[in-house]
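Laboratory data are not the source of any read-out in this text; all were calculated from the coordinates shown. What you are looking at is a predicted structure, and each value in this text was computed from that prediction instead of being measured. Here Cβ is always computed from backbone atoms with ideal geometry, including for glycine, and neighbour counts include all displayed protein chains.
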Amino acid sequence: MGRPGPATQAKRARERAKQEKRKAKEERRALRKELKVQKAQQIGDSDEDPDIAGIVPGPQELLEY
């Protein structure tokens, strides 16, 4: 039976790299989630779209020139 020499160490290195990548990805996700919450608080937790805030539906007043 052969020895599992460098292949095992290479696998361990790959696994460690995957763990580090996963951890970095989780940190980025947490940061994005935090920024999203902060942005929502700045806007004002309303369900209204900021692009159409203050627009009144229906007939509009005539503009006088």
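Data table
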quantity: Spacing of the two label points (7 Å from each Cα toward its C-beta) at Leu63 and Ala13, in nm; calculated: 6.7
quantity: Net charge over other residues, Cβ less than 14 angstrom from the Cβ of Leu35 (K, R count +1; D, E count -1); calculated: +4
